[in-house]
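Comments concern the structure below.
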Amino acid sequence: MISTSTVQVRDLSFVPFIEHSSILARIKELGAEINQKYAGLTPVFVPVLNGAFMFASDLLKEVTVPSEVSFVKVSSYFGATSSGDVKEILGLQSDIKGRHVILVEDIIDTGLTMSKLLETFRQHEPASIAVAALFVKPESLKVEVQIDYIGFNIENKFIVGYGLDYNSQGRNLPDVYQLAD
Ligand code: 5GP
């Protein structure tokens, strides 16, 4: 059951937005789509840390095709607004050449992070590259970006929980909460 009460993360109040069970139900559907699309292939899932750790964990449990997982980390976001400045991509494996890569991201806001990730990954000549994002804020996109699997299109409000943080806290919340008005 989703809590009806607000949660406090540091100095901000958040209200319940999407409950854990709804997230899992949607992830099950995404997993089924991926299983169908990648039948006969061995994709490499590349979750983007830190935010995608819970999404990746639940998505991978739905994957039935043989697969691999290789995490990367970028640093670009501070507080409740995007700096849009992707600093570094850590952990990128060079052996993605010729592989079917699926980037797994928690949320696409301006799209700048994903654009930069795609540009960098393409330089390594994967056989194909797809993007799975649990949340997308369509009104917030600043660049056109490839997104193949979308969990939820959401309005342009800051959210926390299920892996997503506010200044490093709130990632552990099983449900997703939205910044209170
Ligand atoms: P973009 O480059 O698309 O603007 O931002 C992508 C990154 O910004 C995400 O991976 C995530 O870390 C962060 N981000 C964007 N919107 C939100 C949000 O509503 N809540 C949280 N916690 N992080 C967000």
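A 1.4 Å probe over all protein chains sorts Glu155, Glu105 by accessible area into Glu155, Glu105, starting with the largest. Descending by average beta-carbon neighbour count within 10 Å, the peptides 54-60, 95-101 line up as 54-60, 95-101, the highest first. Round to the nearest 10 and give me the degree value, 0 to 90, for the angle of helix 112-122's Cα axis relative to the longest principal axis of the chain. Taking the Cα atoms of the chain, the angle to 112-122 is about 10 degrees.
Which FRET efficiency value, to the nearest 0.05, do you get for Gln8 and Thr64 by plugging their Cβ-Cβ distance into 1/(1 + (r/R0)^6) with R0 = 35 Å? Between Gln8 and Thr64 the formula returns 0.30. Can you tell me how region 20-151 classifies by the Cα gyration tensor, rounded, prolate or oblate, using a/c under 1.5 as the rounded cut? It comes out oblate by the Cα gyration axes.
For the listed residue pairs Lys28/Lys97; Lys37/Lys61; Lys73/Lys142; Lys37/Lys157, the alpha carbons are over 24 angstrom apart in Lys28/Lys97; Lys37/Lys157.
Between the Cα long axis of helix 20-37 and the first principal axis of the chain there is an angle of about 10°, rounded to the nearest 10. Per residue, the chain exposes 49 Å² of accessible surface when a 1.4 Å probe is rolled over the protein heavy atoms with every protein chain present. About its Cα centre, the chain has a charge dipole of approximately 260 debye under the convention of +1 per Lys or Arg Cβ and -1 per Asp or Glu Cβ, with nothing else charged.
With each pseudo-label sitting 7 Å past Cα toward Cβ, what's the Leu41-Lys142 distance in nm, one decimal? Distance between label points: 3.1 nm.
The values are calculated or read from the model by the stated rules, or taken from the named source; none is laboratory data. Keep in mind it's a predicted model, so treat the numbers as computed, not measured. Backbone-built Cβ (ideal geometry, glycine too); neighbour counts: all protein chains shown. Note: accessible area is taken over every heavy atom of the protein model, side chains too, but ligands, DNA and RNA are not part of it. Shrake-Rupley method; radii C 1.70, N 1.55, O 1.52, S 1.80 Å.
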